[in-house]
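Encoded as structure tokens, the structure appears first; notes follow it.
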Amino acid sequence: MTQQIRPPAEPPHRAPGLGDSTWRAAVRELFTLRRDPLPPLSRPRWLARLPHAVVLLAAGFFGLFTATELFGPYQISGDLAFFQAVLTGLAIGLALYRPIAAWWLGLLAAALIAWTIPLPLPPDATWPWTPGGLFAFAPLVLLVALRVPPRVTIAVVGVSLGYTALAEALFKPEHSQSTLVGAGVVFGFSGLLGYALRALRLARGKLVEQETLTEEERARRTLLEERSRIARELHDVVAHHMSVISIQAQVAPHLVENPSEELKENLAGIRENALEALTELRRVLGVLRSEDPDDPADPHHPQPTLAELDGLVDNVRGAGLEVTTEIAGVRRPLTSGVGLTAYRIVQEALSNCLRHAPGSQVEVGIAYGPHDLHLCIANTAPTRPAPSSPGAGHGLLGMRERAGMLGGELAAGLRPDGGYEVSAVLPMDPRHPTGGSAPDTKKD
């Protein structure tokens, strides 16, 4: 008898931001005194360090204000009041680089002030926060909220209010005014303001990043368009003339009566060089049309051939198109250029069927002849309207270019039954072209 093993029960789903791990992380960040400099303004540049100057001025102002307040109404001795005022200003200045450490230092300074205030307090005096101390602590909360996630800001405000409530509950002197409500308003507003400024800064950063990516993409597309234009020019001009040179060198011996062996050798060398130049030109065109170094057009990377035809057809079938294949003749290895070109022609033709003839039946025929490879991709009339297909419409042009570079032929046109057919003839040996490309009657 076999025992069925049940999988362990999945833990209950927790809402994002409310899990125990989230708050544990917030508590850990409260005790992380890492360096976190205040970021400068992104623009304009001449105001980049304005926030730092404002914080330093605030540190000096609140330090002097705290000293005046402790000397006067609260009647703390001179040396102690001076030390506590320096501690308050130092905490604000430290917040430029270590906000969490500065917040702890400011909270320590506030507790020290509350502990050293002599009793009895003056009439209507506030405790544990002095009026100046309440507003001197607000910049610390603001500077923390500018640099930390919202959950840490909530924890900082909560700990500050918790200190206030605990001090009032345990040590509040008689006839003193509570500061819990005032602290909640001031610290809460400072935290919300810091969170809003931080969110604005992050949003601007994302916008700048997106603008940079857009500019890079625009530059990349411009470069690709220019490279494609150069590739077309090279093919239309150089490839054409090199093909003419090759054919003329082949025909020239037959136009001369009793040509010498030296003439034949020279003409054969001219034709050989022209064919080699065409081969190198095909490689250059492949690099120019390649969008990135990992593109299959890069000759340093594996290129698809007709051996991958079954996978291509399966993908098209998976997209909802009925495709049948038929292979005639004896299959034999093809050169890399012929195999890649045949694969690309079948691939582009099937893509056109998907875009322009939804619901049609497609037949892919491949015939291995003695010297040529014959391709035929035909589809019946579509059974439903084809959706609009954006694009430049260079699919058939690319197929014709590929076939023409090998000296092959490609024809495309409508069938009597309303379908469409693409047929191509590629020489097994591209060094011996069989003809030019035939015109097509439809543009992709």
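Which residue is surrounded by the fewest Cβ atoms within 10 Å (Cβ to Cβ), if the candidates are limited to the range 317-359 and must be of a type in the set (Gly, Ala, Ser) and not in a helix (DSSP H, G or I)?
The residue in question is Gly320.
Here are Leu263, Leu234, Leu223, Leu213: which of them is of a type in the set (A, V, I, L, M, F, W, C), open to solvent by 90 Å² or more (accessible area, probe 1.4 Å) and in a helix (DSSP H, G or I)? Talk me through it step by step, then tell me what you get.
Details: Leu263 fails: open to solvent by 90 Å² or more (accessible area, probe 1.4 Å); Leu234 fails: open to solvent by 90 Å² or more (accessible area, probe 1.4 Å); Leu213 fails: open to solvent by 90 Å² or more (accessible area, probe 1.4 Å).
Sole residue among the options that is of a type in the set (A, V, I, L, M, F, W, C), open to solvent by 90 Å² or more (accessible area, probe 1.4 Å) and in a helix (DSSP H, G or I): Leu223.
Quick grid of which residues meet (1) on the phi < 0 side of the Ramachandran plot; (2) at pLDDT below 90; (3) buried (at least 20 other Cβ atoms within 10 Å of the Cβ); (4) touching a Leu at 6+ places or on another chain (Cβ under 6 Å):
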position: Val86; (1), (2), (3), (4): yes, no, no, no
position: Ile92; (1), (2), (3), (4): yes, no, yes, no
position: Gly106; (1), (2), (3), (4): yes, no, yes, yes
position: Ile113; (1), (2), (3), (4): yes, no, yes, no
position: Pro120; (1), (2), (3), (4): yes, yes, no, no
position: Pro123; (1), (2), (3), (4): yes, yes, no, no
position: Gly133; (1), (2), (3), (4): yes, no, yes, no
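Give me the pairs, please: first residue somewhere in the range 360-388 and under 21 Å from Tyr343 (Cα atoms) and exposed (fewer than 15 other Cβ atoms within 10 Å of the Cβ), second residue anywhere and at pLDDT below 90 and not acidic (Asp, Glu), beta-carbon distance under 9 Å, and either six or more positions apart or on two chains.
These pairs meet every condition: Ala367/Gly329; Gly369/Gly329; Gly369/Met428; Pro370/Gly329; Pro370/Met428; His371/Met428; His371/His432; His371/Thr434.
I'd like the residue in the range 40-80 that is of a type in the set (Ser, Thr, Tyr) and over 24 Å from Arg98 (Cβ atoms) and, out of all such residues, is farthest from the chain's Cα centre (by Cα).
Selected residue: Ser77.
The values are calculated or read from the model by the stated rules, or taken from the named source; none is laboratory data. Remember, it's a predicted structure, so these values are computed and weren't measured experimentally. Note that each Cβ is placed from the backbone with ideal geometry, even for glycine, and that neighbours are counted across all protein chains shown. Keep in mind that these areas ignore ligands, DNA and RNA; they rest on the heavy atoms of the full protein, side chains included. Shrake-Rupley method; radii C 1.70, N 1.55, O 1.52, S 1.80 Å.
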